[in-house]
Amino acid sequence: MKFTKDHEWVSITGNEAFVGITLYAAEALGDVVFVEVPEVGKVLKKGDSFAVVESVKAASDVYAPVSGEVIEANDSLTGAPETINAVPEAGGWIAKIKLADASELDGLMDREQYEAYLATL
Amino acid sequence: MTQDSPKMNSVGRPSAPEINVEATLFKSLLGGKGLLQSEKLIFEKDDYSRTGVDFADIAIDASDLEGLLRSDLSLPGLTEPEAMRHYVRLSQKNHAIDLALYPLGSCTMKHNPRLNEKMARVAGLGDIHPLQPVSTVQGALALMDTLSHWLKVLTGMPAVAITPKAGAHGELCGLLAIKAAHEAKGQGHRRTVLVPTSAHGTNPATAAFVGYTVEEVAQTADGRVDVADLASKLGPDVAAIMVTNPNTCGLFERDIVEIARLTHEAGAYFYCDGANFNAIVGRVRPGDLGVDAMHINLHKTFSTPHGGGGPGAGPVVLSEALAPFAPKPWVVSHDSGFDLVEHDEGVSAQNFGRMCAFHGQMGMFIRALTYMLSHGSDGLRQVAEDAVLNANYIKASLQDLMSVPFPEGPCMHEALFNDHWLEGTDVTTLDFAKAMIDEGFHPMTMYFPLVVHGAMLIEPTETESKDELDGFIAVLRALAQAAKAGDVARFKGAPYLAPAKRLDETRAARAPRLSYT
Amino acid sequence: MRYLPLSNGDRAAMLEKIGVDSVDALFVDVPESARRSGTVDLPKFAGELEVEAQLNAFADQNISPAKVPFFVGAGAYRHHIPATVDHIIQRSEFLTSYTPYQPEIAQGTLQVLFEFQSQVARLTGMPVANASLYDGSTAAAEGVLMATRVTKRNKAVLSGGLHPHYRETVETLAHAVGIETEACAVAVDNEADVLQHIDANTACVVVQTPNVFGTATDVTEIAKAAQAAGALLIVVVTEVMSLGLLKSPGEMGADVVAVEGQSIGVPLSYGGPYVGLFAAKEKYLRQLPGRLCGETVDADGERGFVLTLSTREQHIRRDKATSNICTNSGLCALAFSIHMSLLGQTGLQRVAKINYAKAHAARDQLVTAGFEVVTPRFFNEFTVKLAKPAIAVVEALAIKNVLGGVPFARLQNEPGFENHLIVAVTETVSDADIATLVATLKEVAQ
């Protein structure tokens, strides 16, 4: 699993990746009440806003940690947004992306680096 | 992932209540709360057929409307006594300015004179139709013209567009005039609007709404626009800056004249958010500061009632450069009287369009003009002075207990505190504000401006007596001492004595239920 | 000064507490060049008696609709408002409270908003409604913006029966945002013309019923055709009283409904403040503009209400908000809701039938007198095509103390429509008023 400074995570299998928001982000947002998931087939550039996670007091864009095409979206979040709070780094995944450029992963942090980064916030 | 409002989250505003503490051990037999009656929804009645209006039930032959008649009308009716009970019971669950000081910063909750209400209901003012022939509404046009004159003189600006229906609508009007003016000069390529980080949410929302890219301008350590940062961001792409003055930290922008000069030098216009005009009315004219457009919330500075969330009114004063682009309609005067310009002809050809169906919020114009005539130029100047005096008195009376983010110099009409002083108490700004309810006051504005951690923004207005201020100060001092003494339960479960306990906002948003079914 | 409680003694004591000599010291941050030592050039303070006289002098120069036969409509209507309405909205707790951001001490306003939303939903036949917008015209414009967000298309088609002021309001806002608009030819009875203008980029078609000429239209087929082409149908209603008699927009398949609610509870007040009703299909819930009130429970488990889904709004979402709207029309929504509760379905149907009957009686008498009425089907408003320009005719009528209607040319300069006079007949009009209108119109227009 890799992480971004914007608190997204990426979990890679072959040339596909699940993406979501980190536990830290989920806790900062508070109770999530709505998730706008991306449409399947949408082509993303690294850094594009591709989803919105809303709590009662804030709405946050989620940015693509890597470039690629959305091949699956976690539609169950629409009916059960609380999944993001319960298991943000597993069942709370937002989209599955087919990687366009695997080398982009090199620029992301591993868990140890991410935790060190969190300690600086 | 980034958050639009990180401050709101980092201070941990709970969205669902956690603690359920009994306010009292006494229980009434059937759950009553003394004379505060519980009240069902009007829809929770078995019989919808009653009515409180006596009209005859006539028969009509509507065969020409065959296929167009409705069969599904289901709306509950109440007789007059039922209606009176229902709404009076509901009213008692509300707090109001008429009950106590209402310290919402940036909202200017001042007393609403009842003469204003009386005049808005006079036959010939409250009951006239917007499309009557202008020969039959010369007094209405004269009234709008008089209101415009007062607004122009008070702001030192040459023109005013009076149709915008609220502050945010006024911002829209101002930015559309700016956009039209740029286009007329061949400067339509300017795409950026600069907005300080402390701005009202409506500023960036309005700018983005009309297609501008919003760029934030930094704030200095003393709570003002960072002029160097502004200067570095001004350029050939910038259409306008939007600055609130006095700003949302309750401070006058000392460099305002320089800000205006730099803006104009870069070919951009200066939009001033006039939400805080109450602090300077009669003492400072925005026209003397270099402003090109400014909306005036008649429901703030000029005392038209807030009504539980509107209606407002947001006329916009304009500089010579922007005046030709003001929206339709407007009033003109001839030797023979007044007329309304409602079509795109001749002199009006440059107008940017129309903000709403008719001529703006006449009901609010009547109230605001009544207020202006009552105060006069001297009274309005006194309004600003007393508003500023009251805010500084509160600041001076609390700053030994509560931390002030910008302690240097006086504030204007509102006193801003942060939550630094609550560190280690386990009491948040939200908890503190909710506890104020139990002591009889409405909370202050919280977590705004976003640039101040755990912000508490207190605007007393000029219509508070010293006694009321002293009572309010005594409450805040007592609460501050309680928080510091570790009396956490008093805050976490607050309010205990309100008509309702803390409400579960998460539940409301996850499965929205917006109407009775 | 009756509104300022501080005495000079108070002021001195407070300055001492603050630690400054004079109030001028509190204004030190104002640049020297902008400091004013004296008052601006306007009259000085005045007592209630004087101010009341000044305001009454303005009122005296206007003709009150209550004093003359009155047939002016075209988007704002004179109706009877029960005395209870004005009494309740002047209660301090409603009049002088702020937006209900502190729900524990605003359950009164919040429950009213929830009831208002429920009434609007039922009246329009739509599943969800918001807590009001400024007025019908801005509601229509917000509807167009919402349709472009939902469909990701960029064009709105406006019918030839849409009130010209609404068309202009929509055009102004839409063009500012970069949305294209196409207006159909002005027509008394051709709302379906919008279908001819739909293309692959059309986000919505906007129709009005009854339209500006008074024509009522069953838009069911228009809804089907628009939706089949991927566009939303926005139905505009400027006379909300008509919904007591006519099929609801929801029943006819509308996606979005924008209504001027003034006729129920809100005085004419020369054009504002009014109240915009905004309703839509459930699937557009999170795309609605403006405030929404929702049901929930408090910490004791008791039912309560809160403003909800506010992350769509400007104070949180800032430059990504669905609309820049902040204030709604709270007190007018309250007035609407009280009047609607007093009417109920029974009263609303009765008053709607009276409107229909009176308007048709007026139409019949005008036709008998030789006038041409061009509106084929209507509720309480119809259009007479006169033999001469309507603007001059209404002026001539006004001299004879009859306010006879709205010339279409007042709303829009459109060749071929100079002689069209829009006549509204509500329950406030008497049989004698109708007789006077017919007689006077014969005198000045034939």
For this session: Inspect all residues belonging to region B:136-145 and state whether any of them is among the small types (Gly, Ala, Ser), more than 7 Å from chain C (Cβ to nearest Cβ) and on the phi < 0 side of the Ramachandran plot.
Result: no
For this session: Could you name every one of the strands (runs of 3 or more DSSP E) located completely within region B:240-322 that has at least 3 residues being of a type outside the set (Gly, Ala, Ser) and touching a helix residue (DSSP H, G or I) at 6+ places or on another chain (Cβ under 7 Å)?
Result: B:269-273, B:316-318
Exercise. For region C:86-112, how many residues are among the aliphatic types (A, V, I, L, M), more than 7 Å from chain B (Cβ to nearest Cβ) and either over 27 Å from residue B:119 (Cα atoms) or over 21 Å from the mean Cα position of the chain (by Cα) (or both)?
Worked result: 1
Exercise. Given the structure, is residue C:189 outside any helix (DSSP H, G or I), over 24 Å from the mean Cα position of the chain (by Cα) and more than 24 Å from residue B:205 (Cα to Cα)?
Worked result: no
Problem set entry | Criterion (within 23 Å of residue B:508 (Cβ to Cβ) and within 14 Å of chain B (Cβ to nearest Cβ)) met by exactly one of A:34, A:50 | A:34
Seminar exercise, completed: How many residues of region B:335-370 are in a helix (DSSP H, G or I), more than 8 Å from every other protein chain (Cβ to nearest Cβ) and not charged (D, E, K, R)? The answer is 7
Exercise. Got at least one residue in region B:312-329 being buried (at least 24 other Cβ atoms within 10 Å of the Cβ), closer than 26 Å to residue C:88 by Cβ and under 21 Å from the mean Cα position of the chain (by Cα)?
Worked result: yes
For this session: Could you tell me which residue of region C:16-73 is surrounded by the most Cβ atoms within 10 Å (Cβ to Cβ), considering only residues that are within 30 Å of residue C:405 (Cβ to Cβ) and of a type in the set (Gly, Ala, Ser)?
Result: C:73
Seminar exercise, completed: Out of (1) buried (at least 24 other Cβ atoms within 10 Å of the Cβ); (2) more than 9 Å from chain B (Cβ to nearest Cβ); (3) of a type outside the set (Lys, Arg), the one residue C:151 does not meet is (1)
Exercise. If you go through region C:192-212 one residue at a time, how many are farther than 18 Å from residue C:137 by Cβ and not in a helix (DSSP H, G or I)?
Worked result: 6
Problem set entry | Matching residues in region C:3-44 - criterion: being among the β-branched types (Val, Ile, Thr), at the interface with another protein chain (Cβ under 7 Å from one of its Cβ atoms) and in contact with a Leu (Cβ under 7 Å, 6 or more places away or on another chain) | C:23, C:40
For this session: With respect to residue A:69, determine if the residue is closer than 25 Å to residue B:505 by Cβ, assigned to a strand (DSSP E or B) and of a type outside the set (Gly, Ala, Ser).
Result: no
Problem set entry | Any hit, region C:160-175, residues being out of contact with any strand residue (DSSP E or B) (no Cβ under 6 Å at 6 or more places or on another chain), outside the structural domain of residue C:416 (by TED's automatic domain parsing) and of a type in the set (A, V, I, L, M) | yes
Problem set entry | Inter-residue pairs, beta-carbon under 6 Å, first farther than 27 Å from residue B:446 by Cβ and without any contact (Cβ under 8 Å) to a residue 60 or more places away in the chain and in region A:42-69, second among the basic types (Lys, Arg) and surrounded by fewer than 24 Cβ atoms within 10 Å (Cβ to Cβ), 6+ apart | A:64/A:46; A:66/A:46; A:67/A:45; A:67/A:46; A:68/A:98; A:69/A:98
For this session: Would you be able to say whether some residue in region B:85-97 is out of contact with any helix residue (DSSP H, G or I) (no Cβ under 8 Å at 6 or more places or on another chain), at the interface with chain C (Cβ under 9 Å from one of its Cβ atoms) and part of a loop (DSSP other than H, G, I, E, B)?
Result: no
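Residues are listed down the side, and each one gets a yes or a no for (1) touching a residue at least 60 places away in the same chain (Cβ under 8 Å); (2) under 23 Å from residue C:196 (Cα atoms); (3) out of contact with any Lys or Arg (no Cβ under 8 Å at 6 or more places or on another chain):
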| residue | (1), (2), (3) |
| --- | --- |
| C:113 | yes, no, no |
| C:120 | yes, no, yes |
| C:131 | yes, no, no |
| C:144 | yes, yes, yes |
| C:160 | no, yes, yes |
| C:164 | yes, yes, yes |
Exercise. Of (1) assigned to a loop (DSSP other than H, G, I, E, B); (2) free of Cβ contacts under 8 Å to residues at least 60 places away in the same chain; (3) closer than 21 Å to residue C:55 by Cα, residue B:332 satisfies all except one. Which?
Worked result: (1)
For this session: Name the single residue, out of those in region C:236-267 being aliphatic (A, V, I, L, M) and over 26 Å from residue C:342 (Cα atoms), that is surrounded by the fewest Cβ atoms within 10 Å (Cβ to Cβ).
Result: C:252
For this session: Determine, yes or no, whether residue B:205 is within 8 Å of chain C (Cβ to nearest Cβ), within 19 Å of the chain's Cα centre (by Cα) and touching a residue at least 40 places away in the same chain (Cβ under 8 Å).
Result: no
Exercise. Can residue C:122 be described as assigned to a helix (DSSP H, G or I), at pLDDT 95 or above and more than 26 Å from residue B:504 (Cα to Cα)?
Worked result: yes
For this session: Say whether the condition of being modelled with pLDDT of 95 or more, outside the structural domain of residue B:499 (by TED's automatic domain parsing) and more than 20 Å from residue C:91 (Cβ to Cβ) is met by at least one residue in region B:78-100.
Result: no
Exercise. What number of residues within region C:87-101 satisfy the criterion of being within 20 Å of residue B:504 (Cβ to Cβ) and crowded, with 24+ Cβ neighbours inside 10 Å?
Worked result: 1
Exercise. Which is in contact with a helix residue (DSSP H, G or I) (Cβ under 6 Å, 6 or more places away or on another chain) and either at the interface with chain B (Cβ under 7 Å from one of its Cβ atoms) or at pLDDT below 65 (or both), of C:326, C:332?
Worked result: C:326
Exercise. So which of B:161, B:140, B:166 is within 23 Å of the chain's Cα centre (by Cα), farther than 25 Å from residue C:3 by Cβ and among the aliphatic types (A, V, I, L, M)?
Worked result: B:161
Exercise. Are any residues in region B:103-112 surrounded by 22 or more Cβ atoms within 10 Å (Cβ to Cβ) and at the interface with another protein chain (Cβ under 7 Å from one of its Cβ atoms), and if so, which ones?
Worked result: B:104, B:107, B:109, B:112
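The values are calculated or read from the model by the stated rules, or taken from the named source; none is laboratory data. Small disclaimer: the values here were computed from a predicted structure and weren't measured. As a convention, Cβ positions derive from the backbone with ideal geometry for all residues, glycine included, and neighbour counts pool all protein chains shown.
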